[in-house]
Amino acid sequence: MRTPCDRRSCIRRIEVDNPDINAVLDVYPAADTDGPLAAAPIGVKANIAVHGQVWHGGIRAYKNRIAPRDARVVQRLRASGADILAGLNMEEGALGAQTDNPWFGRTHNPLKHGYTPGGSSGGSAAAVAAGFVKAALGTDTMGSVRIPSAYCGLWGFKPSHDRAMLDGVMPLSLSLDTVGVHGADFGTLVQLAEIICDRDFSGGTSGNVAILDWSGHVHCDTAVEAAFKCFVETRELSGTTGLSPYAFGKSRRAGLLISEVEGFAVHEHHMQTQPDEFSTHFKSMLEWGARQPKDRIDAAYAHLKALRSAGFADFILMPTAPQTAFKFGDPVPVNQADFTAFANLADRPAIQFPVGTDENGLPVGAQVVGPRGHEADLVATVGALIN
């Protein structure tokens with residue numbers, strides 16, 4: 001992983017390395033900036049609007065759509081002096097786990113070519129890990145910022161759900177979507193998260209961390225369990241918690257159904273008028289969700305409501321993904337989001353960070369999930385945990 005310095009060095013790296021990685025789809029023109037970010041080069045996922053640039057969300061049907069204005073989070077970054085340098089690859093429509101886009105190509109993990117950087121914000125994570133940008137924005141519906149951050153050895157921040165922050169973001173699920181940050185270090189991550197959330201996260205109170213007991217619910221790779229256990233032991237953490245009524249795979253599938261139903265409503269018109277501009281896989285997933293019986297859809301929303309009103313431990317430590325990055329062409333693990341979906345469905349902020357590597361040197365990630373709206377306390381808690 002390389003730390004970029006300025007626009008010129010970032011563009012030079014993009015020119016040399018991006019043909020093999022395919023994280024960057026567009027390089028944006030420079031603009032005069034002034035503020036605390038000091039022209040830091042920032043990348044933006046292709047479903048987040050950048051004024052005057054193509055805004056397609058990884059879908060060919062929108063390949064010629066030009067954003068009429070910046071998304072709110074981009075406005076906030078520019079006002080803080082960021083250099084919005086690049087548009088980044090992603091899963092088609094933000095629905096997927098590999099960033100193997102049928103229209104814009106496959107993004108490779110910079111840490112191991114031929115392996116996924118995760119999805120759906122895989123281009124954002126890969127761009128940071130490759131040193132193409134200092135940090136990047138992604139969107140997280142059921143883990144789409146945190147899983148790529150874990151697979152690429154980065155830090156990832158998913159704030160609490162905030163509809164205002166989604167202004168200028170092509171939605172998948174307005175009930176679950178959040179805008180998040182990928183960063184190579186904790187300080188950069190928090191700085192950008194404060195800016196896009198328009199909130200100061202200093203002065204928070206560190207809380208007690210409970211360790212998630214997932215036994216009997218999620219199968220983790222041995223390397224993930226070992227790295228997670230080592231982290232827990234070196235921090236001398238104790239005390240476990242469950243997540244009931246969150247039901248891991250069952251809850252993840254409820255979130256997926258909500259995403260498919262709401263994504264269908266977003267894209268229905270264009271799927272009818274431009275059916276060949278959507279991949280068969282993406283279109284079939286959205287159409288499947290829309291065809292489900294009303295009582296099944298209602299049950300998914302009822303489960304969402306129950307999770308958002310349930311009581312959980314304030315700060316919960318758990319793995320980010322049950323596995324490390326996998327090879328393109330291998331079966332896609334169905335349980336990738338079993339841990340991460342909890343924070344979206346229960347509407348709680350979460351921070352992902354590296355805790356080790358597997359036998360191939362690929363990163364293992366863990367996350368702390370905090371109380372809704374308590375990002376400052378989450379930052380303080382993670383800061384105490386890693387220092």
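Things to note:
- Test: residue in the stretch 135-157 that is among the aliphatic types (A, V, I, L, M) and surrounded by fewer than 24 Cβ atoms within 10 Å (Cβ to Cβ): no
- Filtered residues of the stretch 319-360 (kept if of a type outside the set (Lys, Arg) and assigned to a strand (DSSP E or B)): Pro319, Ala350, Ile351, Gln352, Phe353, Pro354, Val355, Gly356, Thr357
- Search result, residues across the stretch 226-246 that are free of Cβ contacts under 8 Å to residues at least 40 places away in the same chain and either within 21 Å of the chain's Cα centre (by Cα) or assigned to a helix (DSSP H, G or I) (or both): Lys229, Glu233, Thr234
- Being among the charged types (D, E, K, R), surrounded by fewer than 24 Cβ atoms within 10 Å (Cβ to Cβ), at pLDDT 95 or above and under 19 Å from Thr324 (Cα atoms) is a description that applies to Glu225.
- Answer from Ser238, Ser259 - the residue that is within 30 Å of Met170 (Cα to Cα) and among the hydroxyl-bearing types (Ser, Thr, Tyr): Ser259
- Residue count for the stretch 35-59 satisfying the condition of being among the small types (Gly, Ala, Ser) and either under 18 Å from Ser144 (Cα atoms) or buried (at least 24 other Cβ atoms within 10 Å of the Cβ) (or both): 6.
- Tally of residues being part of a strand (DSSP E or B), at negative phi and of a type in the set (Gly, Ala, Ser) across the stretch 75-106: 2
- Within the stretch 118-159, the set of residues being assigned to a helix (DSSP H, G or I) and of a type in the set (S, T, N, Q) comprises Ser124, Ser149.
- Residue within the stretch 3-13 that is crowded, with 22+ Cβ neighbours inside 10 Å, within 20 Å of Ser121 (Cβ to Cβ), in contact (Cβ under 8 Å) with a residue 24 or more places away in the chain and not β-branched (Val, Ile, Thr) present: yes
- Residues (in contact with a His (Cβ under 8 Å, 6 or more places away or on another chain) and over 17 Å from Gly123 (Cβ atoms)) located in the stretch 22-63: Ala61
- Yes/no for Leu192 being aliphatic (A, V, I, L, M) and either in a helix (DSSP H, G or I) or surrounded by fewer than 20 Cβ atoms within 10 Å (Cβ to Cβ) (or both): yes
- For Ile316: the one exception among (1) part of a strand (DSSP E or B); (2) β-branched (Val, Ile, Thr); (3) within 20 Å of Ala125 (Cα to Cα): (3)
- Checking each residue in the stretch 126-172 for being free of Cβ contacts under 8 Å to residues at least 60 places away in the same chain and among the charged types (D, E, K, R) picks out Asp162, Arg163.
- Residue tally, condition out of contact with any Leu (no Cβ under 8 Å at 6 or more places or on another chain) and hydrophobic (A, V, I, L, M, F, W, C), over the stretch 31-53: 6
The values are calculated or read from the model by the stated rules, or taken from the named source; none is laboratory data. Since the model is a prediction, treat every value here as computed from it, not as a measurement. In this analysis, Cβ positions are derived from the backbone assuming ideal geometry, glycine residues included, and neighbour counts consider all displayed protein chains.
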